Every structure is written in structure tokens, then in C-alpha cells.
Amino acid sequence: MPRPLRPIAPATATATAVAGSLVLAATLTACGGGSSAAGSSSEGEKVVTVYSADGLKSDKGDGWYDKVFAEFTKKTGIKVKYVEGGSGEMVQRAVRERTNTQADVLVTLPPFIQQADGKGLLQTYRPQGSDKVNGADRSADGRWTSVVNNYFGFVYNKKELTEAPRTWEQLLDAKYKGKLQYSTPGVAGDGTAVLIKSMHDFGGREPALEYLKKLQANNVGPSSSTSKLAPKVDKGELLVANGDVQMNFAQSTSMPNLGIWFPAKEGGRPTTFALPYAAGLVDKAPHPENGKKLLDFLLSEEAQKLVSEVGRGFPSRTDVRPTDANAVELTRIMAGVEIFEPDWADVDKNLSSYVAAWKSATGS
């Protein structure tokens, strides 16, 4: 779910680095256990650098990251420097800057967290509380753990459309021409999710690509940022776009025309799959101990209890069961939706070929 990058200030006890499309000139790599000179020489600094997919910070300063980073700084004195971009973009940065590691913690969506692990960008660290996270939401080797659960979805304009479209096939209607957009597979986590879900719903790569080729007639075109699509839907510039439940539910507080929905294959049930924000310790991180402390805090009961109330998402810890109004509404949104589990090993192995096939089919 990428956004353009721009520098932001470090977090303090009362405010974190400004959210949204903000970025430091930092780099990602997994904490190398003191194997880098940068890590050993700067470990005394009271700072930790986070590279993250967008969606958990707010432009208004009231997002989950805003709250937990401020609390973390208050408790530890460690300031949080924050870098935000697309899931794939963050991994690419990490690869480019492998020889000059500057990030301590990476947070990204599947399949990019698996990709980061496969490229050797993460090191083993099991945060306190990670034993309370479902096995499917953490790696067996301890290289990454979900900190906020989430699900893939779409948004529609409730003012312009009396009800949400029900099926993928309805989106081929001429009324959606120039009024539909989805973010770019291979770049955006949610854009990649469009490809994964369509392959599941249509029963394979070829029928999914055949459908997406037809859909291209209505598609506005590529977008590196999923988060920028919801405002266009809210304003009526678009009728439909892709997104994810947590991000779009959070955006709906200031975008009243947003409705969340899940496409079904004609004759089938609406489906979705989990797209958790998964966090890992970066190899050869400059501040590995600070990174460990932050990961522990993100999975603490204190932080997890704020996931729905503040972040409008789903806690990763199974022993945290919120009952606030947001949690109730999220349960309603997910009612009746079939949740499937992608073969992430296959997606990680074949992502490049899937994206290449999508580009060929759509002319993107």
C-alpha cells in the first residue's frame, strides 16, 4: 500500500513522526545481533528506526502507531524514527541499502514479509507475547510476527451507489469505466492481494488473468498507493477501489461515503484472506536492542488492546478480545465472508512470474 515518501520528524513522548506519506532517508535490514559496526557503535543511542507499510499511522496524529510510539517513548526514552512506503518498496529499499543498514524494525504485509525473510533481511527474534499469536500469523523460524491483523477488501462510494457491487463480474459493467482503480500488483501489498484473491476466486492464474484483462477496460490505471484511492472513492472520483479493512475502516472516520465490501465470483460467496501487518527485526540493525524492545511493546497487552479502539484493526494476540464499538463493527463487516489462506510459500516463490503475467495480460 505504498505512498510517496518524504522525511518526517522522530517521535517524542507526546507526538510521533508525522504520519501518512512520510519517510526518513533510512534503510532496512534485519537486526544482525551486533554483527555490524553501525550496530555496535550506535547502540547507546536512544532511537529506533521503523520501516513500515502505511495504514497504521494517521495524518491527524490519532492512529495506532501515533499512540503506541508515544507511549513507548514515554516508557523507555527511546525515540521512534518512522519511514513509510509500499510493502514492496520497503523491501526494495532494504535490499539496496544492505551495505548501509539504518532500519531496526520492518513492518510489511504478506507476501513481502516472506520476501524479506527469503532475501536474508530479517533475523530471528521472538517478541514477548508472540506465543499468543496464531501460528499462521508468525513465521516458524521466528523472523517475523503479526502485530496487527487485517483483511483484504474493497471500498465503494455509498452515496453514488445504493448498494455495494456483489460480484467481480459486475465490475465489468460500462458504468464503472474510468471509475474503478486498483493499486499495482508487485508494488503495493493490497495491489498484490487483488491478484491473489482473483486467482483464488476464479480457480487459477489463467482464468484470473483473463478476467483482469477484461477489467482493464474500466480501470483508471496503475497506482503505487492504495491509501490514496479511498479519498477518491469518498469524493466520487472513483466508484470502486481496492483496500484493506483496517485502513479503510480507519479512513471512514473522515470519509463518510466509504463502504467496505468483498467481491464474490458469480454464484459464489464473498471471500477474503488475512493481510496482517507483520514485523521483523532487521539484520545488522544499528539499534537491535531498541528494536527488540519496540517489538515487545507492539505485542504487549497494553498495545494490543488499542488495536481496535484506536487503530480500528484486529489484535494479533488471541488472548486479547476487545469489546469496544469498533470491534463490534469490525465483526459485523466480516460477517458472512469466507476467509481462505493463500499458499504464501507459492506466492513468494512465483510472485515475479505472477506479476509479469499480469502486466502482459493487462498491458500495464
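The values are calculated or read from the model by the stated rules, or taken from the named source; none is laboratory data. As the structure is a computational prediction, the values presented were derived from the model and not from experiment. Here Cβ is always computed from backbone atoms with ideal geometry, including for glycine, and neighbour counts include all displayed protein chains.
Among the residues of region 107-157, how many are of a type in the set (A, V, I, L, M), within 18 Å of I339 (Cα to Cα) and part of a helix (DSSP H, G or I)?
The qualifying residues number 1.
Given the criterion surrounded by fewer than 23 Cβ atoms within 10 Å (Cβ to Cβ), modelled with pLDDT of 95 or more and out of contact with any strand residue (DSSP E or B) (no Cβ under 9 Å at 6 or more places or on another chain), identify the matching residue among G204, G186. Break it down stepwise before answering.
On the way: G186 fails: modelled with pLDDT of 95 or more.
It is G204.
Would you pick out the residues in region 76-93 that are part of a helix (DSSP H, G or I) and modelled with pLDDT under 90?
The answer is S87, G88, E89.
So that you can scan it fast, the table gives a plain yes or no per residue for (1) touching a Ser or Thr at 6+ places or on another chain (Cβ under 8 Å); (2) touching a residue at least 60 places away in the same chain (Cβ under 8 Å); (3) closer than 30 Å to G336 by Cα; (4) assigned by TED's automatic domain parsing to the domain that holds I113:
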site	(1), (2), (3), (4)
P222	yes, yes, no, no
T226	yes, yes, yes, no
P231	no, no, yes, no
N242	yes, yes, yes, no
P263	yes, yes, yes, no
V282	yes, yes, no, yes
A285	yes, yes, no, yes
K293	yes, yes, no, yes
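The conditions are (1) at pLDDT below 95; (2) buried (at least 17 other Cβ atoms within 10 Å of the Cβ); (3) farther than 18 Å from F152 by Cβ, and L275 fails exactly one of them. Which is it?
(3)
Would you mind finding the one in E169, E84 that is assigned by TED's automatic domain parsing to the domain that holds P185, over 17 Å from T192 (Cβ atoms) and not small (G, A, S)? Give the steps one after another, and end with the answer.
On the way: E84 fails: assigned by TED's automatic domain parsing to the domain that holds P185.
Exactly one residue qualifies, and that residue is E169.
Give region 322-341 a look and list any residue that's in a loop (DSSP other than H, G, I, E, B) and surrounded by 11 or more Cβ atoms within 10 Å (Cβ to Cβ), or say none.
Hits for region 322-341 are P322, D324, V337, F340.
Can you tell which of A230, A241 is aliphatic (A, V, I, L, M) and outside any strand (DSSP E or B)?
A230
If I ask for residues that are under 26 Å from Q102 (Cβ atoms) and in contact with a helix residue (DSSP H, G or I) (Cβ under 7 Å, 6 or more places away or on another chain), which ones from region 242-281 would you list?
Scanning region 242-281 gives P276, A278, A279, G280, L281.
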